1. Regarding Ala368, is this residue open to solvent by less than 50 Å² (accessible area, probe 1.4 Å), out of contact with any Leu (no Cβ under 6 Å at 6 or more places or on another chain) and in contact (Cβ under 8 Å) with a residue 40 or more places away in the chain?
2. Please go through the stretch 160-196 and pick out each residue that is under 20 Å from the mean Cα position of the chain (by Cα) and of a type in the set (Asp, Glu).
3. Looking at the stretch 428-441, can you tell me whether even one residue there is surrounded by 15 or more Cβ atoms within 10 Å (Cβ to Cβ) and under 30 Å from Pro378 (Cα atoms)?
4. When the residues of the stretch 353-364 are narrowed to those that are open to solvent by 10 Å² or more (accessible area, probe 1.4 Å), touching a residue at least 60 places away in the same chain (Cβ under 8 Å) and of a type outside the set (S, T, N, Q), which ends up farthest from Ser304 (Cα to Cα)?
5. What residue, among those in the stretch 527-554 that are in contact (Cβ under 8 Å) with a residue 12 or more places away in the chain and part of a loop (DSSP other than H, G, I, E, B), is least open to solvent (accessible area, probe 1.4 Å)?
6. Which condition number in (1) under 24 Å from Asp487 (Cα atoms); (2) open to solvent by 10 Å² or more (accessible area, probe 1.4 Å); (3) touching a residue at least 40 places away in the same chain (Cβ under 8 Å); (4) assigned to a helix (DSSP H, G or I) is the one that Ala451 fails?
7. Applying the selection to the stretch 500-526, what residues are of a type in the set (S, T, N, Q) and either touching a residue at least 12 places away in the same chain (Cβ under 8 Å) or crowded, with 21+ Cβ neighbours inside 10 Å (or both)?
8. Please specify each residue of the stretch 14-41 satisfying the condition of being touching a helix residue (DSSP H, G or I) at 6+ places or on another chain (Cβ under 9 Å) and not in a helix (DSSP H, G or I).
Amino acid sequence: MLLAVLLLHNGEAVAEGRLLEQVWGPGAGSTTALRTAVSRLRSWLHDEARGVASIDRADGGYRLRLPDHCIDAARFRAALAADSDAAGLDPHQRMAALMSALEQWRGPVLDGAPDEIREDPAVRALDDDHAVCLQRLAALAISLQAPDLLLPRTRALAWSRPFDEPLHARLIELYAACGRPAEALMEYERLRSRLADELGVAPSAEVQRAHFTVLAQDPPRPPSADPSSGKGRGHRLVPHQVPADIADFAGRDKATAALLDHLGGLLDDPTRPATLVASITGPAGVGKTTLAVHVAHRLTPAYSDGQLYADLRGTTAVPESPARVLGRFLRALGVGKHDVPDDPAERAALYRSLVNGLRLLVVLDDAAQETQVRPLLPGSATCSVLITSRHRMGAVGGAKAVDLDRLRVDHAVQLLAGIIGPERVAAEPDAASELVHLCGGLPLAVRICGARLAARPHWPLVKLAALLRDERRRLSELSIGDLTVRDGLEQSHDRLGEEARQTLSTLARLGPVEFSVGTAAAVCGLDHAAAGDRLDALVEARFASVTGSGRTGRVHYRLDDLARLYALSLDPARPSPWRP
């Protein structure tokens, strides 16, 4: 250690106190121990470097004299100084000279020494020179189209110097030059977060320029692209993941206009929030996904950088995790499978970096709750998000909420006519109106009826209406293929608390009538406050709705007919034909 400290200050006198502190540590060692060590070191140098090296007593300390060409640090610094004066040299010659200087390094200066010794200004100065050398080499390697040569060493040193912004800027540029923009953006996001969290500052202008350079590049060509097609490198991948629109869309003109105005009309508004968000809520089968898909297709011209789509499976037993969805989004944006970060926070950061500045629409279908949605929100003011959920997304700030109710009779008949043909509806208008009424205006139920009638062109509409009149059979009849009303009701029912389920079962026995909180309290054996809370839960789950106020001003409720029939089908006290 004594030799190393003297070598760091070759040709300079180092005071005894400083030697004691650096060799033995603060408060340790003694003048006697130092003089003994110097004596032994002199003997060793006399045997190993006779006539070349010497240790002299000077200025209250000791000075090592050794020719610079014998010291690796001195040779390294000489090459670095020569490069500073060689700006006009051929870049290949400069790179060769600096690479030769870099070969002097075998690891950190005084590796293994205590931290307080490695914090010595002489050690830090040599480390800084090492970083400068790598920065110059990185710039040269990029200009000579050989970035892979410097990437590993630059990455290793940058990670050991977490706040060295110029070095991290070169690392970001090296990643980008190697065709790895995802990792470049991830490196920037790590540095930005570290600077903000620990120092409370933003990245320097140099780092920001490196970041913008990466953003200005096209995302990498996906592995499956055919290089011979001319659509590979240099052509950015534009995702269009939203499912196909339907031809028989009907009855949602007002909701469509509101969403188009919010997500399309405000796109170029300079006062718009960071990200435009809209949510479509409503009961199962009301057509939330259908509306979202229809609106997304209408907005295609406004979002020239594409559309991302994810089914969040919020009403299933195992909703999609945001991390899995982010992985799919990143791959859709051109990130290679092996470049997707494992850490969910890093995935979210990389996702926000990639979509920054893009005109992109993100459709999040069937969201369970706000915590599932938040990591998937872009941070860019040029992006928008459209969410569907059975629950209102009140905690997603600034979201435009569109609450879908069941279709009016005329709109539901229009939907039925779009499926089976206007001629059949015109031939039996009363039966068509009765059909959609028995469907409760639920678009899914109307579609199921339309699909059944379309598959049986010889059936009159009145025949299916007669089947649906029987309340014991209605839910069973509202099913075809993988479309069934019962599944949606079951999913919503499973999410209810046990107390709300019991209240629903009891109220279902009242039949298709309106009732007040007092009535609910009486038949369920509850006080008014508890009855009101349980009715609120049923309204939130879309099993009940508020129909208005009676003469006394009291709020009246009514169970949805299909929800009521579902609850009765689960009641063990009913005769067996009620059961599913």
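The values are calculated or read from the model by the stated rules, or taken from the named source; none is laboratory data. As the structure is a computational prediction, the values presented were derived from the model and not from experiment. In this analysis, Cβ positions are derived from the backbone assuming ideal geometry, glycine residues included, and neighbour counts consider all displayed protein chains. Note: accessible area is taken over every heavy atom of the protein model, side chains too, but ligands, DNA and RNA are not part of it. Shrake-Rupley method; radii C 1.70, N 1.55, O 1.52, S 1.80 Å.
1. On the way: open to solvent by less than 50 Å² (accessible area, probe 1.4 Å): yes; out of contact with any Leu (no Cβ under 6 Å at 6 or more places or on another chain): yes; in contact (Cβ under 8 Å) with a residue 40 or more places away in the chain: yes.
Yes; evaluated as a whole, the condition is true for this residue.
2. Once the filter is applied, which keeps residues that are under 20 Å from the mean Cα position of the chain (by Cα) and of a type in the set (Asp, Glu), the stretch 160-196 yields Glu183, Glu187, Glu189.
3. No, there is no match, as no residue in the stretch 428-441 is surrounded by 15 or more Cβ atoms within 10 Å (Cβ to Cβ) and under 30 Å from Pro378 (Cα atoms).
4. Leu354
5. Looking at the filtered set, the residue picked out is Phe543.
6. (3)
7. Answer for the stretch 500-526, where residues must be of a type in the set (S, T, N, Q) and either touching a residue at least 12 places away in the same chain (Cβ under 8 Å) or crowded, with 21+ Cβ neighbours inside 10 Å (or both): Gln502, Thr503, Ser505, Thr506, Ser516.
8. Matches in the stretch 14-41: Val14, Gly25, Pro26, Gly27, Ala28, Gly29, Ser30.
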